Amino acid sequence: NVPVLSVGQIIVPQNKLLTINPGAKFDFTSNGFISVNGALKAVGTGATKNGTTTTKDENPIIFSGSTKAAGQWRGIQFDNAVDDRNELAHIVIEYAGSWYYGALYATGATKLKIRDSIIRNNSLEGFYFDDDVVLNEFSNVTSTNNEKTAGLVGAKALSAIDSTSNFVGNIGG
């Protein structure tokens, strides 16, 4: 339950996998970031439903700024990360976005799944996926209170965004 304070960068090289366990908390200082050229599997847990009963076993993974202000840290970048193991679920990305296009940034032929997650309180966009990014899943993602928009998406990734996601409350539109 003690957050990891990152004063620099976390780099996942090509052909390597970084797995982050449920409940992990990262606080990044200014200019901190995660850069993924290999694979990042960050899968927390959330409330589960069994029929009419909801079990509270929430243990999300939180990526935040050491200071709670938009743009405190750079964010998470996937650059040509063509690994099918790239998966983000039950995570929170907040107070990031001080570089490029926003808090979660993917370029090149990156393959990515993201679900049941929150992207909030960031400068610039909440997320950015360029034209070559392959979104294998994008469901139940809330992107809110970002200083520009919820996100920018290339044509190839657009069809993966489902109707369970929520993009309201962003300052720029």
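The values are calculated or read from the model by the stated rules, or taken from the named source; none is laboratory data. Please read all numbers here as calculations on a predicted model, not as lab measurements. Note that each Cβ is placed from the backbone with ideal geometry, even for glycine, and that neighbours are counted across all protein chains shown. Heavy atoms of the whole protein, side chains included, go into the accessibility calculation; ligands, DNA and RNA do not. Shrake-Rupley method; radii C 1.70, N 1.55, O 1.52, S 1.80 Å.
With respect to the cross-link table entries 16/156; 16/41; 41/111; 113/156, which display a Cα-Cα separation exceeding 19 Å?
Details: 16/156 26 Å; 16/41 11 Å; 41/111 12 Å; 113/156 14 Å.
Correct reply: 16/156.
Over the Cα atoms, compute the radius of gyration (one decimal) and Dmax (the largest Cα-Cα distance, rounded to a whole number) for the chain, in Å.
Final numbers for Rg and Dmax: 14.9, 45 Å.
Let me check I've understood the local charge: for residue 109, count other residues with C-beta under 11 angstrom from its C-beta, Lys and Arg +1, Asp and Glu -1. What total comes out?
Net local charge, residue 109 excluded: -3.
Distance from a point 7 Å along Cα→Cβ of residue 62 to each backbone N in segment 99-134: keep the residues under 16 Å and list them by number.
It comes to 117-122, nothing else.
Compare 134, 36, 153 in a GNM of the chain, Cα atoms joined below 10 Å, and give the one with the largest fluctuation.
Residue with maximal mean-square fluctuation among 134, 36, 153: 153.
Rank 13, 149, 128 by how far each Cα sits towards the positive end of the charge dipole of the chain (+1 on Lys, Arg Cβ; -1 on Asp, Glu Cβ) and give me just the farthest.
Of 13, 149, 128, it is 13.
Grab the beta carbon distance between residue 162 and residue 5, set R0 = 30 Å, and tell me the FRET efficiency rounded to 0.05. Please report the intermediate quantities before stating the final value.
Details: r = 35 Å, r/R0 = 1.17.
Plugging the Cβ-Cβ distance into 1/(1 + (r/R0)^6) gives 0.30.
Carbon and sulfur: what percent of the chain's accessible surface (1.4 Å probe)? Working shown, then result.
On the way: 3890 of 8140 Å².
Percent of accessible area from carbon and sulfur atoms in the chain: 48.
For the chain, what is the percent of antiparallel DSSP beta bridges, rounded to the nearest 5?
Rounded to the nearest five, the antiparallel share is 5 percent.
Once you've got the GNM for the chain with C-alpha springs shorter than 10 Å, pick whichever of 112, 18, 40 has the biggest mean-square fluctuation.
18
Nothing charged except the Cβ atoms of Lys and Arg (+1) and of Asp and Glu (-1): what's the magnitude of the dipole of the chain about its Cα centre? Round to the nearest 20 debye.
Around 300 debye, computed over the chain.
With the other protein chains left in place, how much accessible area per residue, in square angstrom, belongs to segment 14-173 at a 1.4 angstrom probe?
For segment 14-173, the solvent-accessible area averages 45 Å² per residue.
Quick one: net charge of residue 18's neighbours, Cβ under 13 Å, K/R +1, D/E -1?
Summing Lys and Arg as +1 and Asp and Glu as -1 gives +1.
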